[in-house]
1. Among the residues of region A:82-98, what is the count of those that are open to solvent by 10 Å² or more (accessible area, probe 1.4 Å) and either within 16 Å of ligand 2 (Cβ to nearest atom) or at the interface with chain B (Cβ under 8 Å from one of its Cβ atoms) (or both)?
2. Considering only region A:25-43, state which residues are within 16 Å of ligand 1 (Cβ to nearest atom) and either within 25 Å of A:Ala113 (Cβ to Cβ) or open to solvent by less than 30 Å² (accessible area, probe 1.4 Å) (or both).
3. Count, please, the residues in region A:44-63 that happen to be open to solvent by 10 Å² or more (accessible area, probe 1.4 Å) and within 8 Å of ligand 1 (Cβ to nearest atom).
4. Any idea how many residues of region B:163-193 are open to solvent by less than 30 Å² (accessible area, probe 1.4 Å) and more than 17 Å from B:Glu143 (Cα to Cα)?
5. Can you tell me which residue within region B:1-20, out of those that are under 17 Å from A:Asp75 (Cα atoms) and open to solvent by less than 10 Å² (accessible area, probe 1.4 Å), is farthest from the other protein chains (Cβ to nearest Cβ)?
6. Quick check on region A:172-188. Is at least one of its residues within 19 Å of A:Arg84 (Cα to Cα) and touching a Gly at 6+ places or on another chain (Cβ under 8 Å)?
7. Would you point out which residue out of B:Ile291, B:Ile310, B:Ile259, B:Ile328 is more than 14 Å from every other protein chain (Cβ to nearest Cβ), open to solvent by 20 Å² or more (accessible area, probe 1.4 Å) and not acidic (Asp, Glu)?
Amino acid sequence: MIRVEGLRKTYRMGNVEVRALDGVTLEVTRGEFVGITGPSGSGKSTLLQLVGLLDEPTAGSISIQGTDVLRLSDDERTLFRLNRIGYIFQDYALVPDLTALENVVLPTLARGATERDGTDRARELLRLVGLGERTDHLPAELSGGEQQRIAIARALVNEPALLLADEPCANLDTRASTRVLDLFASINRELGQTVLMVSHEESHRRYFGRIVRLQDGVIVDDTGTKPSPG
Amino acid sequence: MLERERVAVYLASRSLARGSRTGLLLNVAIISLVFTNMILLPSIISGSVELFNEQTIDYQTSDIQVRPSEGEQYIGRVGTLLETINRVPGVRRASARHAIGATLLARNRSVSVPITALNPRDEVEVTRIHERMKDGEFFSGGERGEILVGQYVAGNEDTRRDLFASLGGVRVGERCTVAFANGVTREYVIKGIYETRSYLADYTALVTWEELESVIGGPVDQATEVLVRTDRAHDPAVVKRGLLEAGVQEEVKTWREAITSTVEDSIETFGIINGISMLVSLVIAVVVIFIVITIKAMNQRRQIAILKAIGIHRGVIIRSYLLQVLVICTLGTIGGLVAVGALEVWFSAHPLVFPDGELVPRFEPAALVENAAWLFLVSLVAGYIPAWRITREKILSAMRAG
Ligand SMILES: Nc1ncnc2c1ncn2[C@@H]1O[C@H](COP(=O)(O)OP(=O)(O)OP(=O)(O)O)[C@@H](O)[C@H]1O
Ligand SMILES: [Mg+2]
């Protein structure tokens with residue numbers, strides 16, 4: 001599903017070089033539910049952004065479902081993201097001009113759904129993440145937890161083959177977190193979606209089939225049962 | 001790919017609905033003004049061209065002007081020619097005119113102008129000078145010893161107000177001595193003064209054909225021009241062909257052909273002024289739209305990055321901005337049309353007064369369409385550039401921009 005080799009990302013700020021990722025090699029098979037942990041600044045978000053085609057690595061290679069994604073043009077990457085990847089940003093990244101519902105409907109329209117079908121699907125997902133009401137409000141009028149759940153619904157609405165979640169529960173209480181993680185687990189199980197999720201929470205560990213631990217931009221631990229490829 | 005248009009419409013409609021109303025209204029108002037400005041000058045110009053055309057037809061050339069053939073000074077056997085012309089289908093009436101150089105003297109002042117001899121019964125059918133008598137009356141036919149002068153020939157008592165040399169404000173009933181180019185000198189009573197407001201027509205004087213014959217000392221069967229009025233339903237160009245087919249050997253010109261040589265130059269000048277004014281208007285439109293879209297897209301850098309991150313094609317985002325430009329331009333054009341309509345009503349009631357006539361700006365549909373098309377075209381280009389530029393930014397750096 002995902003094959004990452006020798007991935008490096010160096011940020012240059014003036015004369016200072018920050019090695020956010022310093023040679024990461026990782027293979028994830030289809031249907032895995034992988035947790036990524038590590039201290040703040042260890043490069044978790046950077047890794048997810050690179051796998052999510054939001055940024056380009058300084059060195060290394062990434063292939064997803066057999067596609068060498070670094071060779072794609074900008075437009076091809078956009079299409080790749082639309083068709084195969086659901087991304088939950090650490091800071092939600094909702095479209096401020098769109099209501100909660102419209103934020104979730106938009107990716108379905110881009111995929112060619114009718115507005116009615118898209119709206120039905122969006123409502124269903126918003127209900128699943130526990131946000132049945134207040135869907136006609138703009139993001140600015142909603143709480144952090146509510147915005148986070150909209151971001152989650154948006155990432156899931158097109159049933160992506162790959163779900164990348166950057167601390168999706170950071171702003172949720174225990175009940176809402178459980179609900180979201182149960183949802184991830186069920187789609188991972190039933191639809192065979194591959195999930196990469198960044199989390200610090202000990203309580204999330206039981207959901208992960210595998211845990212990758214980053215520190216200073218390198219993988220220091222990779223434990224867990226790897227389900228047979230399928 | 002209608003898919004993309006659909007998503008672009010979705011985004012644009014939300015963006016407009018949730019953006020600032022006042023900002024949108026302001027943009028629309030500016031585009032309305034630009035459009036009105038683009039329309040006004042060409043309308044005044046075509047209004048003045050129209051006025052000039054009307055004056056030329058009514059007071060100088062009628063619908064068709066027949067003049068001596070190349071190298072000749074006169075049209076000979078004009079009596080027969082008139083009969084021929086009057087039989088051509090579409091001709092309402094032909095009038096022979098004979099111009100002769102002369103110097104007029106009155107109130108101790110002298111003016112050299114051509115005096116035109118004409119047959120009043122024919123003339124009233126082909127020109128409208130008789131409707132423009134400022135004072136006195138037009139000829140009724142056969143008058144002798146009387147003369148009609150144009151308002152600029154008569155002039156003002158305060159000669160500083162005159163545009164040309166004049167007879168110092170002579171009045172109807174006063175006497176005027178005329179020295180003709182052939183050496184004959186006569187004394188006439190001024191029967192009337194006409195005011196057509198056409199400079200050329202108002203700096204002439206008129207006598208009857210009978211008077212001319214008495215000055216020449218015998219029957220005159222020669223004319224310097226024959227003016228032909230066509231029936232309203234007939235195109236002068238078609239009637240002209242009829243005249244040529246009927247065997248008219250002289251130079252035949254429709255009023256439009258007669259006008260071109262003199263007016264073409266000034267129309268060309270008008271065209272240049274008009275082009276400059278249009279260019280300035282378009283530059284304003286370009287700048288406004290460019291700034292509007294630049295500001296809008298800059299403020300939405302983060303939003304653009306988010307859209308790209310979730311897989312919205314860059315072309316869709318650009319289109320959503322162009323759609324907003326289209327909405328602004330459409331509303332602006334509608335606003336401009338309303339303004340133009342209001343101006344049309346206003347000017348019909350209050351024409352612009354010029355020394356040579358009252359001018360009503362003519363708002364021509366073709367000009368409206370052309371200017372609107374230009375406005376849309378340049379606006380789309382002006383919107384495209386910043387949208388293209390700003391959507392090119394890398395996703396993450398734009399997302400951090402906040
Ligand atoms: N745009 C950037 N410019 C410079 N340095 C950056 C940039 N983005 C990230 N970094 C640096 O790269 C390192 C890894 O950052 P990253 O965001 O991947 O950490 P993280 O593991 O996600 O941390 P957190 O748990 O706090 O979200 C950090 O030291 C960070 O300061
Ligand atoms: Mg992070």
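1. First, pick out the residues of region A:82-98 that are open to solvent by 10 Å² or more (accessible area, probe 1.4 Å): A:82-85, A:87, A:89-92, A:94, A:96-97.
Checking the rest, the ones that are also either within 16 Å of ligand 2 (Cβ to nearest atom) or at the interface with chain B (Cβ under 8 Å from one of its Cβ atoms) (or both) come to A:82-83, A:85, A:87, A:89-92, A:94, A:96-97.
Result for region A:82-98: 11.
2. First, pick out the residues of region A:25-43 that are within 16 Å of ligand 1 (Cβ to nearest atom): A:26, A:34-43.
Matches in region A:25-43: A:Leu26, A:Val34, A:Gly35, A:Ile36, A:Thr37, A:Gly38, A:Ser42, A:Gly43.
3. Of the residues in that region, 4 qualify.
4. From region B:163-193, those open to solvent by less than 30 Å² (accessible area, probe 1.4 Å) are B:166-170, B:176, B:178, B:180, B:188, B:190, B:192-193; that's our starting set.
If we keep only those that are more than 17 Å from B:Glu143 (Cα to Cα) too, we end up with B:166-170, B:180.
Number satisfying all stated conditions: 6.
5. B:Ala8
6. Going residue by residue through region A:172-188, those that are within 19 Å of A:Arg84 (Cα to Cα) are A:183-188.
Now narrow it down to the ones that are touching a Gly at 6+ places or on another chain (Cβ under 8 Å): A:188.
Scanning region A:172-188 turns up at least one residue that is within 19 Å of A:Arg84 (Cα to Cα) and touching a Gly at 6+ places or on another chain (Cβ under 8 Å).
7. Details: B:Ile310 fails: more than 14 Å from every other protein chain (Cβ to nearest Cβ); B:Ile259 fails: open to solvent by 20 Å² or more (accessible area, probe 1.4 Å); B:Ile328 fails: open to solvent by 20 Å² or more (accessible area, probe 1.4 Å).
Every option except B:Ile291 fails the conditions.
Results for (1) in a strand (DSSP E or B); (2) of a type outside the set (Val, Ile, Thr); (3) exposed (fewer than 15 other Cβ atoms within 10 Å of the Cβ), shown as yes or no for each residue.
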| site | (1), (2), (3) |
| --- | --- |
| B:Glu72 | no, yes, yes |
| B:Arg92 | yes, yes, no |
| B:Ser112 | yes, yes, yes |
| B:Ile115 | yes, no, no |
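The values are calculated or read from the model by the stated rules, or taken from the named source; none is laboratory data. None of these values were measured; they are calculated from a predicted model. All Cβ positions, even for glycine, are placed from backbone atoms using ideal geometry, and neighbour counts span all protein chains on display. For accessibility, only protein heavy atoms count, side chains too; no ligands or nucleic acids. Shrake-Rupley method; radii C 1.70, N 1.55, O 1.52, S 1.80 Å.
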